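We did not get these values from a lab; they are worked out from the coordinates using the rules stated. This structure is a prediction, so every number in the text was calculated from the model and none was measured. Ideal geometry is used to build each Cβ from the backbone, glycine not excepted, and the neighbour counts take in all protein chains shown.
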Amino acid sequence: MTVTVYCATTNPGKLREFRLAAERLGYEIAIEPLPGMASIPPVEETGETFKENAIQKAIYYSAHAPGPLFADDSGLEVDALGGAPGVRSARFAGKGATDEANNRLVLEKMRGVAQRTARFVCVIALAEKGRLLATFDGVVEGEILEEPRGPNGFGYDPLFYYPPFGCSFGEVSGERKLLVSHRGQALGRLLKFLSDRRG
């Protein structure tokens with residue numbers, strides 16, 4: 001029997017990745033967007049860490065969900081920028097910033113910088129009826145390119161060079177990226193937890 005878990009995101013790229021991971025990992029778990037999320041006043045993300053923000057979102061939105069719900073907080077940490085954009089990854093270039101604007105700002109700040117190590121971090125929090133059940137995380141290490149490469153993915157994917165692949169996350173398929181990505185790792189742990197919980 002398929003289990004349904006709800007996802008608190010309005011980002012179609014994330015939802016697509018989550019569903020792809022569930023399918024690829026072979027779990028009978030349906031991932032559905034939270035019904036009516038657009039009409040729910042957004043929660044203010046006041047956390048200083050990805051974990052704090054993921055927990056805030058999961059607890060808040062799960063009160064509106066007909067079943068268990070998860071929320072993620074994820075982003076890019078660039079060592080030369082002191083860990084920025086970090087929890088402000090989605091709004092690095094300002095509130096409502098586009099992926100292109102955020103990428104451009106990272107490149108501006110990294111111009112002429114030799115040390116380009118960075119990582120993607122994802123924390124997923126699972127909650128039900130306003131109560132936190134568990135958290136799951138994932139990290140993938142890479143480097144910041146001098147310019148965007150590849151039309152795939154979303155967010156900072158075209159800037160993120162992954163040495164084992166020899167290319168950016170923007171140059172690989174979503175399926176291949178999920179094998180190693182921060183979101184793929186965290187989601188794999190969530191899906192295993194849900195599967196074990198179902199027994």
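A few remarks follow.
- Meets criteria (more than 26 Å from Arg91 (Cα to Cα) and in contact with a Gly (Cβ under 7 Å, 6 or more places away or on another chain)) for Leu25: yes
- Selected residue (criterion: surrounded by the most Cβ atoms within 10 Å (Cβ to Cβ)) from residues of the stretch 118-150 that are within 15 Å of Leu194 (Cβ to Cβ) and β-branched (Val, Ile, Thr): Ile124
- The stretch 4-21 - residue that is aliphatic (A, V, I, L, M) and either touching an Asp or Glu at 6+ places or on another chain (Cβ under 8 Å) or assigned to a helix (DSSP H, G or I) (or both) and, of those, surrounded by the most Cβ atoms within 10 Å (Cβ to Cβ): Ala21
- Test: Ala101 is under 15 Å from Ala90 (Cα atoms) and surrounded by fewer than 16 Cβ atoms within 10 Å (Cβ to Cβ): yes
- Of the set (1) closer than 20 Å to Phe193 by Cβ; (2) touching a residue at least 40 places away in the same chain (Cβ under 8 Å), all apply to Asn11 but (1).
- Count of residues meeting criterion [more than 18 Å from Asn11 (Cβ to Cβ) and not β-branched (Val, Ile, Thr)] in the stretch 73-111: 14
- Hey, Gly155 at positive phi and surrounded by fewer than 20 Cβ atoms within 10 Å (Cβ to Cβ) or not: no
Here's the yes/no breakdown for (1) in contact (Cβ under 8 Å) with a residue 60 or more places away in the chain; (2) closer than 18 Å to Ala54 by Cα:
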position	(1), (2)
Val78	yes, no
Gly82	no, no
Ala90	yes, yes
Gly94	no, no
Glu108	no, no
Arg116	no, no
Cys122	yes, yes
Leu133	yes, yes
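- Considering the conditions (1) touching a residue at least 60 places away in the same chain (Cβ under 8 Å); (2) in contact with a Phe, Trp or Tyr (Cβ under 6 Å, 6 or more places away or on another chain); (3) not polar (S, T, N, Q), Ile144 is excluded by exactly one of them, (2).
- Considering the stretch 64-88, the residues that are of a type in the set (A, V, I, L, M) and assigned to a strand (DSSP E or B) include one that is farthest from Pro42 (Cα to Cα), namely Val78.
- Test: Ala80 is within 18 Å of the chain's Cα centre (by Cα) and either surrounded by 15 or more Cβ atoms within 10 Å (Cβ to Cβ) or among the charged types (D, E, K, R) (or both): no
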